[in-house]
Amino acid sequence: MTVRINPSILSADFVNLQHEVERIATADLVHVDVMDNHFVPNLTFGPQMVGRLQSVSPIPLDVHLMISDADRWAPGYAELGAFSVTFHAEAAADVVATARAIRDRGSRAGIAVKPGTPIEPYLELLHEVDQVLVMTVEPGFGGQSFMPETMPKLRALREAVRAHGLDVWLQVDGGIALDTIGIAAEAGADTFVAGSAVYGRDSVEGAIAELRAAATA
Ligand code: DX5
Ligand code: ZN
């Protein structure tokens, strides 16, 4: 299985973001956390910043929208050229229509679920999306502890993807580090977001390589 390591710039230095994305050129995608201080109790940046990042990043953008009213805002991030745009199922009135709007604009569409949100309602919609993000912490902040109780959702997703013969990436986000990435990989994840476990290290390149090795061990 192909493993993808997506460092989250939430843990990077926000006044040096161009440098911070250039440092992670050996990763697969740069994970960009958009927060609105409404869906989550934290605030980051919006389309103007994401558009500038898009123009300087050596690797494609994996945009994670933690914002209310996702139906309204998500398609705009696809128009900016993001490789993937993931919105929270809890924040969308029409998950399928929003996923289609993202795909229509040329980006991969993803849905995300918070730790307490059941995955069953979405297992029948997997053909409408390109990736599913299982939050392994409560969204909002970096540096929290991995929640192993979310792993049954990954197992259910992996089984559904296999049963339907789909190519849907299964992503985990939150508390992913050398001691937890193997647990998520074993449960079925193939795409790993890591903030503090990459940017908290002196050698971000070394951290990316070690995470990649630990995911495939
Ligand atoms: C949290 C964000 C994550 C965050 C992960 O809501 O979605 O992407 O950056 O940070 P770590 O890897 O430090 O848990
Ligand atoms: Zn994220």
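If only residues of the range 185-200 that are more than 13 Å from ligand 2 (Cβ to nearest atom) and under 14 Å from the mean Cα position of the chain (by Cα) are counted, the one that is surrounded by the fewest Cβ atoms within 10 Å (Cβ to Cβ) is D190.
Filtered by the rule that a residue be crowded, with 24+ Cβ neighbours inside 10 Å and assigned to a strand (DSSP E or B), the range 95-111 gives A109, G110, I111.
Restricting to the range 26-41, give me the number of residues that are surrounded by fewer than 20 Cβ atoms within 10 Å (Cβ to Cβ) and under 17 Å from the mean Cα position of the chain (by Cα). Full working, then the answer.
Start the filter on the range 26-41 by keeping residues that are surrounded by fewer than 20 Cβ atoms within 10 Å (Cβ to Cβ), which leaves 26, 36-38, 41.
Add one more test, that the residue is under 17 Å from the mean Cα position of the chain (by Cα), and what stays is 36.
Of the residues in the range 26-41, 1 are surrounded by fewer than 20 Cβ atoms within 10 Å (Cβ to Cβ) and under 17 Å from the mean Cα position of the chain (by Cα).
Kindly indicate whether any position in the range 165-172 is exposed (fewer than 15 other Cβ atoms within 10 Å of the Cβ) and among the hydrophobic types (A, V, I, L, M, F, W, C). Show your work before the answer.
Step one: list which residues in the range 165-172 are exposed (fewer than 15 other Cβ atoms within 10 Å of the Cβ), which gives 165-167.
From what's left, among the hydrophobic types (A, V, I, L, M, F, W, C): 166.
Yes; the residues of the range 165-172 include at least one that is exposed (fewer than 15 other Cβ atoms within 10 Å of the Cβ) and among the hydrophobic types (A, V, I, L, M, F, W, C).
Any residue at all in the range 49-60 that's under 22 Å from G175 (Cβ atoms) and either in a helix (DSSP H, G or I) or among the polar types (S, T, N, Q) (or both)? No.
Scanning the range 12-43 for residues that are acidic (D, E) and not in a strand (DSSP E or B), we see that the one that is nearest to F87 (Cα to Cα) is D28. From the list A101, A91, A97, A78, the one residue that fits, being at pLDDT 95 or above, within 16 Å of ligand 2 (Cβ to nearest atom) and either farther than 23 Å from K153 by Cα or aliphatic (A, V, I, L, M) (or both), is A91. For residues in the range 76-94 being surrounded by fewer than 20 Cβ atoms within 10 Å (Cβ to Cβ) and assigned to a helix (DSSP H, G or I), which is nearest to the chain's Cα centre (by Cα)? Per the criteria, the residue is E90. Scanning the range 122-135 for residues that are more than 8 Å from ligand 1 (Cβ to nearest atom) and touching a residue at least 12 places away in the same chain (Cβ under 8 Å) yields Y122, L123, L125, L126, H127, E128, V129, D130, Q131, V132, L133, V134. Evaluated against (1) more than 16 Å from I9 (Cα to Cα); (2) among the aromatic types (F, W, Y); (3) within 12 Å of ligand 1 (Cβ to nearest atom), W169 falls short on exactly one condition, (3). Kindly provide the set of residues from the range 183-217 that are touching a strand residue (DSSP E or B) at 6+ places or on another chain (Cβ under 6 Å), in a helix (DSSP H, G or I) and among the charged types (D, E, K, R), ordered by number. Across the range 183-217, the qualifying residue is only R212. When we screen R158, R162 for residues that are surrounded by 14 or more Cβ atoms within 10 Å (Cβ to Cβ), part of a helix (DSSP H, G or I) and basic (K, R), the only hit is R158.
The values are calculated or read from the model by the stated rules, or taken from the named source; none is laboratory data. Model, not experiment: these values are computed from the prediction. Cβ atoms come from the backbone with ideal geometry, glycine included; neighbour counts cover every protein chain shown.
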